[in-house]
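The values are calculated or read from the model by the stated rules, or taken from the named source; none is laboratory data. All figures in this text were calculated on a predicted structure; none of them were measured in a lab. Here the Cβ is made from the backbone with ideal geometry for all residues, glycine too, and neighbour counts use every protein chain on show.
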Amino acid sequence: MSFFLWDFIKGDLTILPSTQSFDRKLVFHVPDNAGLIWSEWEDASIVYDPRSGHTQVLNEFARELLALYEDGPKSLDQLLAEFSKIIDAEPDATTTQNIIETVAGFDNMGLIEPI
Amino acid sequence: MPPTSLFHKTDTLINFTDQQLDARLASRGAQLEIGPFTVNVALKFKNIRDEFIRIYRDYPFYDNPVVLDNTIRIFGRNFYRQYIKPQAFVDVGMNSDFIPLPASMGMVSLEMGLNWQVASACKQYLMFHAGVVARDGVGLIMPAMSGSGKSTLAAGLSYRGWQLHSDEFGLLDMESGELVPYPRAVSLKNQSIAVMKDWVGQVSDNAHDHFTNEYHGTPKGTICYLRPPKASIEQMHKRTKPNVVILPIYDASAKPAIRPITKTMAFFRMVMSSANYGDIGEDAFRAISDIINASDVCEIIYPSLEDAVSLVEEFVANKAGDGKAGGDHG
């Protein structure tokens, strides 16, 4: 399972931060004033963040994770638990790492923020 | 002169003879309308005026007073630079520092100045670095980088019955969702010059009259400008909604092909080609999303102009066969 996240604002490509120090206890949410605007096509979802002016493309995996945050605030462990329910299995180590990187990417891009 | 009913400000439209236009350009300037913009053009060098008149004589010019969007003045900065090793200094009425070009570069300095004005100051339209043409309700956008052949392809299509919106600046009215024609002189570079001279020669007895001199030794190599077909000039206010996006790729060794691309890819190619997407923001995102939602998208790879035109027409014909082409919005 792979994901990609690009930041295309003015041609800059965002480098995702290290996930080594990611705090699993932090509770993140999509801010109420985010006002994210979506365009969805068969292969990906594109989101425009009017607060930053940034445009990102999310594949189905990343879109699903962000949708979970849109449902309500969550810590990483809570997110993993909900994700497990969706796929009806415990995510393996690779998937878990992908989830952590994706969440770190969301945080870096300002799509989610800690409470 | 084209029928005046097609233009905006018919009350002050003026029919210049070439001599009158030359005299006006040499003095206070002539007010030239190209699509949505009116610019006062003053040219102090005779060779640049001659080239300008050859390319722009069929465009609408206005007598005073009209509301101007821009002014551009090309002159020698002092007496010596007017006559001895003459240098064309470009004043675009903005805080800009152009390096003067040799006056022998003629139209390059004028077109460079006009490009600068639109690229840096146009905020009312969403702007794409793209060739844009239209025909029978099809609004075709071809976003591409410099050197991809988009100018040649847009010009080639325009000399085969398509309305040229622009070879370089696609403009979108975000309120109406319509493409706004801006049919300037087409900028041809290097090998494409000979290709277009041959292409225009197939449909015109006086093809040489459509082109400026060739300017050698510019940073982009040899440059030559081509006048858009008269029909495209006459239709400079006829807008069309976009419904086809094609990414053109020139490859001299390629087998001509139409390749499918995803809408996401087309979206980002449109974003990356837009000079003012970041400035406009949310409305630009919505506008490009609307374009992509309404459009059939593909990539074409071609080794020659003839192949490229065939591929475009094949793709558009299939689209028309699907019954997706909309109506005109003139």
## Note on the structure
For B:I291, the lone unmet condition from (1) among the aliphatic types (A, V, I, L, M); (2) crowded, with 21+ Cβ neighbours inside 10 Å; (3) within 10 Å of chain A (Cβ to nearest Cβ) is (3)
### Task
Determine if region B:228-243 includes at least one residue that is assigned to a loop (DSSP other than H, G, I, E, B), surrounded by 21 or more Cβ atoms within 10 Å (Cβ to Cβ) and hydroxyl-bearing (S, T, Y).
no
### Message
Would you confirm, using the coordinates I've provided, whether B:A257 is within 14 Å of another protein chain (Cβ to nearest Cβ), more than 21 Å from B:S151 (Cβ to Cβ) and in contact with a helix residue (DSSP H, G or I) (Cβ under 9 Å, 6 or more places away or on another chain)?
### Response
no
### Residues satisfying the stated conditions in region B:244-271, i.e. closer than 16 Å to B:V132 by Cα and part of a strand (DSSP E or B)
B:V244, B:V245, B:I246, B:L247, B:P248, B:I249
### Query
Counting just the residues of region A:35-66 that are among the hydrophobic types (A, V, I, L, M, F, W, C) and surrounded by fewer than 19 Cβ atoms within 10 Å (Cβ to Cβ), which one comes out farthest from the other protein chains (Cβ to nearest Cβ)?
A:F61
#### Entry: helices (runs of 4 or more DSSP H) enclosed by region B:272-327 - at least 3 residues per element that are within 15 Å of B:L172 (Cα to Cα) and modelled with pLDDT of 95 or more
B:282-294
#### Entry: Residue count, region B:170-216 (criterion: in contact with a Phe, Trp or Tyr (Cβ under 7 Å, 6 or more places away or on another chain), part of a loop (DSSP other than H, G, I, E, B) and in contact (Cβ under 8 Å) with a residue 60 or more places away in the chain)
3
### Task
Scan region B:2-46 residue by residue and report those that are modelled with pLDDT under 90, hydrophobic (A, V, I, L, M, F, W, C) and within 27 Å of B:L172 (Cα to Cα).
B:L6, B:F7, B:L13
### Looking only at region A:91-102, and only at residues there that are surrounded by 12 or more Cβ atoms within 10 Å (Cβ to Cβ) and free of Cβ contacts under 8 Å to residues at least 24 places away in the same chain, the one that is nearest to the chain's Cα centre (by Cα)
A:T96
### Task
Go through B:D296, B:D279 for me and flag whichever is more than 21 Å from the chain's Cα centre (by Cα) and within 11 Å of chain A (Cβ to nearest Cβ).
B:D279
### Query
Is it the case that A:E70 is within 24 Å of A:S39 (Cβ to Cβ) and in contact with a helix residue (DSSP H, G or I) (Cβ under 8 Å, 6 or more places away or on another chain)?
no
### Query
Of all strands (runs of 3 or more DSSP E) completely enclosed by region B:45-161, which ones contain at least 3 residues that are within 30 Å of B:C298 (Cβ to Cβ) and out of contact with any Pro (no Cβ under 7 Å at 6 or more places or on another chain)?
B:126-135, B:138-143
### Message
Can you confirm whether B:G113 is surrounded by 20 or more Cβ atoms within 10 Å (Cβ to Cβ) and modelled with pLDDT of 95 or more?
### Response
no
